[in-house]
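The values are calculated or read from the model by the stated rules, or taken from the named source; none is laboratory data. Since we're looking at a predicted model, the values are computed, not measured. Here Cβ is always computed from backbone atoms with ideal geometry, including for glycine, and neighbour counts include all displayed protein chains.
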Amino acid sequence: MEARFEIAGELYSARAFLFDKDGTLLSFDHWYALMAERARLLEKRFSLSRRQREELLSFMGVDPATGAPRPPGIVHLPRDEAEAAVAGLLRPWGITDALPGVREAFAELDREFPFERHLRPLPGASELLSALKAAGALVAVVTSDAASAARRHLVALGWEGLVDALIGVDICPARKPSPAPLLSACRALGVEPGRAVMVGDSPADLLAARAAGCHLAIGVLTGAAGRAELAPHADILLPDLRGVRVPR
Ligand SMILES: [Mg+2]
């Protein structure tokens, strides 16, 4: 069944919606608390000095004194690149072959970090997911985070029943802007890409949508990229997800 939706007074229809996660459905806020916990765990695991932990924290994008965001950091990097970047920082400190330990520390927090307390849905995200479900649309989340971590996020938000498929870098190693993760999502949903809409906050999301042959590439300005960066790649550009209305 095609679900009908409306954007700026125009009517559209699609069988499936594919959403990026961070910056599209979820704010980046929880990342800073998570990075601080990752740094604490790595300090313990690799017996870092206090100065090294602070340097690590700054590198990860968190002000060691205040816990506030300190760009650029590694918050916007795909999971595997973030892990490799941290392992690379530790190497000159005499910690060689840190990557397996970094991966383990990150995975430990995927399981144990109190996401419920830190995750913040972006405006309109919960409402749109519920409305799409009610309208009979299929929904997938296509993220450059690990799907195992993303699944915990969905559960913490009570969204697991609203999402029919979840693709992360541990399921499909090719990352957006490659169309591969979107095509994986479409396969999992049993939907032709041409009947799917992709919604994302980065040029990579929209380029992947084009390459996959999605019906529409919708950009949202709730993430890292600005209007000028997204506009060339978006069929439609919205301030946030409240711009998509699903008639009952
Ligand atoms: Mg994003």
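Being crowded, with 18+ Cβ neighbours inside 10 Å, modelled with pLDDT of 95 or more and farther than 22 Å from residue 173 by Cβ, is that true of even one residue in the range 66-87? Scanning the range 66-87 turns up no residue that is crowded, with 18+ Cβ neighbours inside 10 Å, modelled with pLDDT of 95 or more and farther than 22 Å from residue 173 by Cβ. For first residues located in the range 190-208 and under 13 Å from residue 19 (Cα atoms), partners that are acidic (Asp, Glu) and within 13 Å of the ligand (Cβ to nearest atom) and lie 6+ apart or on another chain with Cβ distances below 6 Å form the pairs 200/20; 205/20. Where residues in the range 204-223 are near the ligand (Cβ under 10 Å from one of its atoms) and assigned to a helix (DSSP H, G or I), which of them is surrounded by the most Cβ atoms within 10 Å (Cβ to Cβ)? My answer is 205. Determine if the range 61-76 includes at least one residue that is in a strand (DSSP E or B), touching a residue at least 12 places away in the same chain (Cβ under 8 Å) and not assigned by TED's automatic domain parsing to the domain that holds residue 221. Yes, there is a match, as at least one residue in the range 61-76 is in a strand (DSSP E or B), touching a residue at least 12 places away in the same chain (Cβ under 8 Å) and not assigned by TED's automatic domain parsing to the domain that holds residue 221. Screening the range 8-32 for residues that are surrounded by fewer than 16 Cβ atoms within 10 Å (Cβ to Cβ) and in contact (Cβ under 8 Å) with a residue 12 or more places away in the chain and picking the one that is farthest from residue 92 (Cα to Cα) gives 8. A count restricted to the range 224-239 and to residues that are within 13 Å of the ligand (Cβ to nearest atom) and of a type outside the set (A, V, I, L, M) stands at 1. Conditions first: (1) in a loop (DSSP other than H, G, I, E, B); (2) buried (at least 17 other Cβ atoms within 10 Å of the Cβ). Residue 129 passes all but one, so which condition is the exception? Every condition holds for residue 129 apart from (1). One residue stands out in the range 1-31 among those that are away from the ligand (no atom under 16 Å from the Cβ) and either assigned to a helix (DSSP H, G or I) or among the acidic types (Asp, Glu) (or both): the one that is farthest from the chain's Cα centre (by Cα), namely 10. Among the residues of the range 139-157, the one identified as of a type in the set (Val, Ile, Thr), within 16 Å of the ligand (Cβ to nearest atom) and not in a strand (DSSP E or B) is 143.
Pick from 146, 174, 188, 156: which is under 23 Å from residue 15 (Cα atoms), among the hydrophobic types (A, V, I, L, M, F, W, C) and in the same structural domain as residue 20 (by TED's automatic domain parsing)?
Values: 146 fails: under 23 Å from residue 15 (Cα atoms); 174 fails: under 23 Å from residue 15 (Cα atoms); 156 fails: under 23 Å from residue 15 (Cα atoms).
After applying the criteria, what remains is 188.
Selection of the range 183-203 for residues being within 16 Å of the ligand (Cβ to nearest atom), part of a helix (DSSP H, G or I) and out of contact with any strand residue (DSSP E or B) (no Cβ under 6 Å at 6 or more places or on another chain) yields only 203.
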